[in-house]
Amino acid sequence: MTSTQKLLARAAGLSRVHAGQLIEARLDWVMGNDITSPVAIEAFEKTGFEQVFDPEHIIFVLDHYTPCKDIASARLCQCVRQFANRHGIRHLYDTGKAGIEHALIPEQGLIAPGECMIGADSHTCTYGALGAFSTGIGSTDLAAAMATGTCWFRVPAAISVILEGSLPRYVSGKDVILHLIGRIGVDGARYCSLEFSGPGVHALSMDDRFTMANMAVEAGAKNAMFPVDDRTEAYLNGRVRRPWKAVLPDTDAVYEQTLHIDLSALEPTIALPHQPSHTVPARQARDLRIDQAVIGSCTNGRMQDMRTAAEIMKGRHVADSVRCLIIPATQDIYLQCLQEGLIEIFVRAGCAVSTPTCGPCLGGHMGCLAEGERAVATTNRNFVGRMGARSSEVILASPAIAAASAVTGHIALPDDLPESEG
């Protein structure tokens with residue numbers, strides 16, 4: 001069996017499972033946000049459920065339209081708060097102690113290797129970076145899971161992605177996953193687990209791995225899975241204070257496809273509108289004008305991303321024609337940015353620094369686009385109208401490319417920039 005199959009077999013109480021098999025798995029964690037949870041709560045109550053399966057293992061993160069942008073979003077958050085209070089749900093993360101869910105949950109030690117989690121958000125696949133099975137589901141499935149602590153799955157087949165070498169300067173996990181999606185397409189891993197392995201894995205930081213697992217769904221994958229190594233254990237140390245048990249694939253595990261990626265051969269990569277698979281080397285799109293740069297999201301709002309952007313922006317200034325938004329993904333990341341002086345660098349460079357929120361990624365608030373405007377963003381989707389008006393455009397990129405582009409006013413590489421003033 002693959003890692004995913006072994007983990008699902010464990011969750012289903014079975015000795016073995018195979019691709020295509022239907023199983024009912026016991027869940028360790030169930031998660032929803034301010035958009036998906038209210039729909040689930042309505043379904044939960046209409047169905048007649050009276051109690052949740054375990055209030056200690058349900059997580060609500062209010063992050064998409066928060067701090068509440070209007071009365072409608074305030075009502076959604078109120079619904080979640082009231083439900084959490086009625087059922088004694090302790091893991092409620094609200095404005096001031098919240099953050100973007102897929103950065104917050106690992107940071108707070110709420111997920112560990114070998115655990116099984118569903119979330120009513122498609123990028124729940126992020127936690128495969130820690131060797132957990134995690135996948136997105138719909139709000140009605142969330143309602144049933146909150147009541148029963150179980151969910152049914154069709155066991156996915158797997159694609160093996162073997163990584164070799166190490167990343168060049170200014171090339172990151174975002175470039176790796178964009179390269180992979182461009183190579184196989186947005187449906188190239190449809191309902192498969194993307195299982196990363198090989199000597200190149202150890203060359204990736206945990207932030208790189210979170211980014212890559214986060215965007216697995218953009219290739220159609222059910223989930224992603226990274227092996228647990230010493231870097232994973234160092235990340236978990238002090239965060240997860242309960243026993244956990246990782247899984248490894250069998251030596252004779254069956255994969256539908258095996259792909260090899262030489263990390264050292266990669267270069268900064270972007271995805272042009274309107275598909276994450278519409279990828280080209282960033283150098284080929286130099287001089288493509290932008291109106292806005294967004295550095296943040298559940299994909300690239302972590303400390304490595306903030307440090308990379310600050311390194312490029314230090315002593316420089318955002319182009320007069322560009323609005324640049326910096327969105328640290330959690331309160332802890334925001335605080336660390338303050339302590340390291342990154343916030344000052346961003347403000348002096350002419351950026352707007354936001355409280356943690358999904359905000360502009362889904363065209364919610366804090367940076368929507370008008371007709372005909374173009375943004376470069378470290379987010380995960382660039383569909384038509386994703387960040388605002390239907391005629392607007394989003395280019396997906398790494399923090400390094402987004403920061404350099406914000407300074408020049410067009411798509412640029414860090415090496416294109418003149419020497420900084422500071």
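The values are calculated or read from the model by the stated rules, or taken from the named source; none is laboratory data. No experiment lies behind these values; they were computed from the predicted model shown. Cβ placement follows ideal geometry from the backbone for every residue including glycine, while neighbour counts extend to all protein chains displayed. The accessibility values were calculated without ligands, DNA or RNA, using every heavy atom of the protein model including side chains. Shrake-Rupley method; radii C 1.70, N 1.55, O 1.52, S 1.80 Å.
The calculated FRET efficiency for the pair Ser264 and Arg242, based on their C-beta separation and a Förster distance of 30 Å, comes to about 0.20. Taking packing as the residue-averaged number of other Cβ atoms within 10 angstrom, the listed peptides 125-137, 71-83, 350-362 run from highest to lowest as 125-137, 350-362, 71-83.
Selection among Pro281, Leu194, Ser205 by position relative to the dipole of the chain gives Leu194 as farthest towards the positive end (Cβ unit charges, Cα centre).
The stretch 43-119 and the stretch 235-261 have Cα centres separated by 27 Å.
With pairing defined as another cysteine C-beta under 4.7 Å, the cysteines of the chain that fail it are Cys68, Cys77, Cys79, Cys116, Cys125, Cys151, Cys192, Cys298, Cys337, Cys358, Cys361, Cys368. Placing +1 on the Cβ of every Lys and Arg and -1 on the Cβ of every Asp and Glu, with nothing else charged, gives the stretch 200-343 a dipole about its Cα centre of roughly 460 debye.
Relative contact order of the stretch 1-126, taken over Cα pairs closer than 8 Å and 6 or more residues apart, is 32 percent. The portion of the accessible surface of the chain made up by carbon and sulfur, rounded to a whole percent, is 49 (1.4 Å probe; DNA, RNA and ligands excluded). Using a probe of 1.4 angstrom and keeping all protein chains present, the accessible surface of the stretch 1-132 works out to 38 square angstrom per residue.
Solvent-accessible surface of the stretch 256-342, averaged per residue with a 1.4 angstrom probe and all protein chains in place: 41 square angstrom. Counted by Cβ distance under 12 Å from Ala404, the other residues give a net charge of 0, where Lys and Arg count +1 and Asp and Glu count -1. The helix-based estimate of mean residue ellipticity at 222 nm for the chain, built from -39,500 (n - 2.57) per DSSP H run of four or more residues and divided by its residue count, is -8500 deg cm²/dmol to the nearest 500.
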